[in-house]
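The values are calculated or read from the model by the stated rules, or taken from the named source; none is laboratory data. Computed from a predicted model, the values in this text were never measured in an experiment. No Cβ is skipped: glycine too gets one built from the backbone with ideal geometry, and neighbour counts run over all protein chains shown. Side chains are part of the model used for accessible areas, which takes the heavy atoms of the whole protein and leaves out ligands, DNA and RNA. Shrake-Rupley method; radii C 1.70, N 1.55, O 1.52, S 1.80 Å.
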Amino acid sequence: MTVSTRIDDAGFVPASRILSIGVSQILRIGARAQGMKRDGAPIIILGAGEPDFDTPDNVKQAACNAIQRGETKYTALDGTPELKRAIREKFRRENDLDYAVDEITVAAGAKQILFNAMMATVNCGDEVIIPTPAWTSYADIVAIAEGSPIFVACEAEAGFRLRGNQLEAAITPRTKWLILNSPSNPSGAAYGEADYRPLIEVLLRHPHVRLLVDDMYEHIVYDSFRFVTPVALEPRLKARSLTVNGVSKAYAMTGWRIGYAGGSRELVKAMAVVQSQSTSCPSSVSQAAAVEALSGPQDFLTERTESFRRRRDLTVDGLNAIEGIDCRKPEGAFYTFAGCADLIGKSTPAGGRIETDSDFCDYLLEEAGVAVVPGTAFGLSPFFRISYATSEGELREAIQRISAACARLA
């Protein structure tokens, strides 16, 4: 969906920078499914990238305590000293990274961190390499900053991961950033050390290219996979990298809106300029809660990850049992990104035809009452994304419905 250029009765014409950008397809699908649900349809929504767990009690209590202490005023522009110290310790403890307090920035969600970084660094025509499938906001944020998203398709056969030769071929003199996300939304694919090393070698040969790594799902990894972040593997990248994270996924704090990052002093200072003229400081209460999230007990993370692993296995096994669907087992996050190429060209019971993965997802919503997101939204088709951050009972029911709907295709 793009913004219309039609002049309305009040003479409004949208700015050219947003003409090619629309509201997220994920949000549109969710809104449609919610509308059907409100009308009484038994819809199962597997589109939202949000944990179904509650924010931990100790974190909620920390927020209540902050309110009682009167910590409800403006804070320092890009994060309280207490939260920056907690983030610094988190980076040291979990990632073997040493960022000084003035090399850390805090914003109202990781999305704002990304927005600040692009607005602070990207000039008109600068290129940003985005391996696909990728979270939908990356490209749109680059476009708002008047940069050029450069998409590099990463196929299922390569584990949906970018390879060194692909990166080398995509770099030009105008390349400003490479964005990497591990574990990935939407594929759940994760980069281990062996996957990062070839990319690091390419980046070292091209010192004008910056690296933005989105580690939001770092705590949600499965089996024997070992999470690692690139700057910890190669300190020479530190001066031109931005390591992004937040509390939304691991701590089930999506609505608290706290994201953070570590980068060079110069970059962090430039990002603060952008933030100063947009949202200013993040919520004071949310920052107090984030201090407790990062500094308090972490043992619950193992239990929640194990729950997600069971759901992953249930979903992957169920999808692979359906004729025409092929689903890779992801290393992390709480998404599957399944292929539906063998269903393209089939006919629906109503006489329609499945021409694209979007058609397939529309069919599942209308025929099976299951809302999922097409791969085209993430830059790679024909696939569809399921978020398995819901109950095992709902997942089983959804898989049964998808299986039955696929069986009715001719």
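Values for this structure:
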read-out: Sulfur and carbon atoms: percent of accessible area, region 66-116 [1.4 Å]; value: 50
read-out: When region 70-137 is reduced to its Cα atoms, the Kirkwood hydrodynamic radius in Å; value: 14.4
read-out: The chain: angle of helix 57-68 to the longest principal axis, Cα-based, in degrees nearest 10; value: 50
read-out: Spatial extent of region 184-337: Rg and Dmax, with the Cα atoms as the point set, Å; value: 17.9, 53
read-out: Only Lys, Arg (+1) and Asp, Glu (-1) charged, at Cβ; region 268-410 dipole about Cα centre in debye; value: 240
read-out: Radius, Kirkwood style, for region 1-109 when every pair of distinct Cα atoms is counted (Å); value: 19.2
read-out: Inter-probe distance in nm under a simple model that places probes 7 Å from Cα toward Cβ, at Phe12 and Leu204; value: 5.3
read-out: Residues of the chain: accessible area per residue with a 1.4 Å probe, Å²; value: 42
read-out: Long pairs among Lys111/Lys329; Lys60/Lys249; Lys37/Lys60; Lys73/Lys269; Lys176/Lys269; Lys60/Lys269, criterion Cα-Cα beyond 20 Å; value: Lys111/Lys329; Lys37/Lys60; Lys73/Lys269; Lys60/Lys269
read-out: Expected 222 nm ellipticity per residue - DSSP helices of 4 or more, -39500 (n - 2.57), all of the chain, to 500; value: -11500 deg cm²/dmol
read-out: Packing-based order for 188-197, 28-37, using average beta carbon neighbours within 10 Å, highest first; value: 188-197, 28-37
read-out: D (Stokes-Einstein, µm²/s), Kirkwood Cα radius, region 354-410, 1.306 mPa s at 10 °C; value: 136
read-out: Rounded tilt (10° steps) of 300-320 against the dominant C-alpha axis of the chain; value: 30
read-out: Residue-span extension gain [Val273 to Arg38] - 0.36 nm each, minus C-alpha spacing; value: 80.3 nm
read-out: Rg followed by Dmax, in Å, when region 118-191 is reduced to its Cα trace; value: 12.1, 36
read-out: Of all DSSP beta bridges in the chain, antiparallel share, percent nearest 5; value: 50
read-out: Kirkwood Rh in Å, taken over all unlike Cα pairs in the chain; value: 22.2
read-out: Acute angle (nearest 10 degrees) that the helix 25-38 long axis makes with the longest principal axis of the chain, alpha-carbon atoms; value: 60
read-out: Where only C-alpha atoms are counted, convex hull volume of region 292-410 per residue in Å³; value: 109
read-out: Projected label distance in nm at Thr254 and Phe300, using a 7 Å step from Cα toward the beta-carbon; value: 1.7
read-out: Dipole in debye (nearest 20) - the chain, about Cα centre, beta carbon charges: Lys, Arg +1; Asp, Glu -1; value: 700
read-out: All-pairs alpha carbon distance profile, region 203-270, 5 Å steps from 0, percent; value: 3, 15, 22, 21, 17, 14, 6, 2, 0
read-out: Spatial separation of Cα centroids for region 363-392 and region 154-215, in angstrom; value: 25
